[in-house]
1. Output the number of residues of region 71-92 satisfying the condition of being touching a Leu at 6+ places or on another chain (Cβ under 8 Å) and not acidic (Asp, Glu).
2. Within region 130-168, which residues are assigned to a loop (DSSP other than H, G, I, E, B), touching a residue at least 12 places away in the same chain (Cβ under 8 Å) and of a type outside the set (A, V, I, L, M)?
3. Any residue at all in region 62-72 that's surrounded by 11 or more Cβ atoms within 10 Å (Cβ to Cβ), at pLDDT below 90 and more than 30 Å from VAL31 (Cβ to Cβ)?
4. Within region 112-128, restricting attention to residues that are under 17 Å from ILE158 (Cβ atoms) and in contact with a helix residue (DSSP H, G or I) (Cβ under 8 Å, 6 or more places away or on another chain), which residue is surrounded by the most Cβ atoms within 10 Å (Cβ to Cβ)?
5. Suppose we filter ILE123, ILE161 for residues that are within 15 Å of VAL31 (Cα to Cα) and modelled with pLDDT under 95; which single one remains?
6. Before we move on, is ARG109 surrounded by fewer than 12 Cβ atoms within 10 Å (Cβ to Cβ) and either of a type outside the set (S, T, N, Q) or closer than 30 Å to THR155 by Cβ (or both)?
Amino acid sequence: MKGKAFLACLLVAIMFLFAGQASAADKFAYVDLTRIFSEYSKTKDYDKVLGDKQSAYEQEREKMVNDVKAAEDKMKLLSEKEKEAKKGDLENKINTLREFDRAKQTDLRKEQDDKMKELLKDINDVIKQYAEKEGYSMVFNDRVLVYQDKSMDITDKIIAILNKGSKK
């Protein structure tokens, strides 16, 4: 009986020994995902493309708004009978403007969401590859950490890899 108890204690001691070694070998790091996202060259490139599309939309919209305003101004000069006849045209222009706004805003939002997903996938892929290559067990987003040791921050390394890869 004493032999079995000794053997059981020995097995438990060996398990704790291996468990201690495994946890000591774990490497942890964290990244500032917001900073990575904003400093990623593809994000900057996309921001310019989106800005250009937004400007084109605003210019086109401004023309439509001016057209509606001109039609409203003309309506003020017409007689009641003529106003009634032109009322449908003005309503059509206003409805066209509203539909244009809705469609363009929806398109721009969808494109932005799709691009954000693509950029985040790039970032996550690079973080995963880097973590596997460097032997990290876990990489955290700094937003969920209450305290972090700056020596565990790999943000600059991830930004460098992303920007190096996006210039190819």
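The values are calculated or read from the model by the stated rules, or taken from the named source; none is laboratory data. From a predicted model like this one, the values you see are computed outputs, not experimental measurements. Cβ: placed from backbone, ideal geometry, glycine included. Neighbour counts: every protein chain shown.
1. Restricting attention to region 71-92, the residues satisfying the condition of being touching a Leu at 6+ places or on another chain (Cβ under 8 Å) are 71-72, 75, 86.
Next, from what is left, pick out any that are not acidic (Asp, Glu): 71, 75, 86.
Going through region 71-92 one residue at a time, the tally reaches 3.
2. GLY135, TYR136, SER137, GLN148, LYS167
3. yes
4. Ranking the candidates gives ILE127 first.
5. Result of the check over ILE123, ILE161: ILE161.
6. Values: surrounded by fewer than 12 Cβ atoms within 10 Å (Cβ to Cβ): yes; either of a type outside the set (S, T, N, Q) or closer than 30 Å to THR155 by Cβ (or both): yes.
The answer is yes for ARG109.
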